[in-house]
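Below is one structure, written out as structure tokens, with a few remarks after it.
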Amino acid sequence: MKHTIKNWLAECKNLNGDPRYIGRGMAIGIFISLTPFFPFHMAIAVTLAILLRGSKRAAAVGVWLSNPLTIPFCYFIIYKLGIYILGTNPVYNPDWKTFADILKMGLGIFYAMIVGGVVLGSALAVPAYYITKKIFQRMQSRGNRNGAQPGAQTPPAASEAATK
């Protein structure tokens, strides 16, 4: 788990581009990660990032909010939120193990999960956009204060000439 978090943070630090572009991609990824379309999260997030002009890499990173360790909790929360919003009775089955098991339970469960996922995904995507944008603005302003473009590499000849 610790290794996964370190990899996720390292991947975030390697994102380059306009902070709004990166923030849009991250928001898209986080939004999609809270929908009940687990096998298709990455494809949906990258497609939406292309259509909405967000960072495809940031969308792919954001999708990992739901991963094999967190997906049971995410699905339970979005289901509970969905039935609360819809005002329906919960249909709970502790034998849920796969996405197919949920589909077998009926469209009512799936619909509740979509509603809950859209609401919770929106609630997390909006702050994710602003937080990500602010973080990358600060990272880039630090890079500019040091005289380097964020993500830019100095050619070897130029760096050697600068040291002479």
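Quick rundown of the values:
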item: Close pairs from region 31-42: first on the phi > 0 side of the Ramachandran plot, partner part of a helix (DSSP H, G or I) and not aliphatic (A, V, I, L, M), Cβ under 7 Å, at least 6 apart; result: none
item: Number of positions in region 106-164 that are at pLDDT 65 or above and of a type outside the set (F, W, Y); result: 33
item: Whichever residue in region 37-94 is assigned to a loop (DSSP other than H, G, I, E, B) and of a type in the set (F, W, Y) and, among such residues, is surrounded by the most Cβ atoms within 10 Å (Cβ to Cβ); result: W64
item: Pairs with Cβ under 6 Å, 6+ apart, first in region 64-80 and within 19 Å of M26 (Cβ to Cβ), second part of a loop (DSSP other than H, G, I, E, B) and at pLDDT below 90; result: C74/S66
item: Any hit, region 87-110, residues being among the polar types (S, T, N, Q) and within 11 Å of the chain's Cα centre (by Cα); result: no
item: Filter result for P19 (over 18 Å from P127 (Cα atoms) and either at pLDDT 90 or above or of a type outside the set (K, R) (or both)); result: no
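The values are calculated or read from the model by the stated rules, or taken from the named source; none is laboratory data. It should be emphasised that the depicted structure is a prediction, and the values quoted were computed from it without experimental measurement. Quick reminder, even Gly has a Cβ in these numbers, built from the backbone with ideal geometry, and neighbours come from all protein chains shown.
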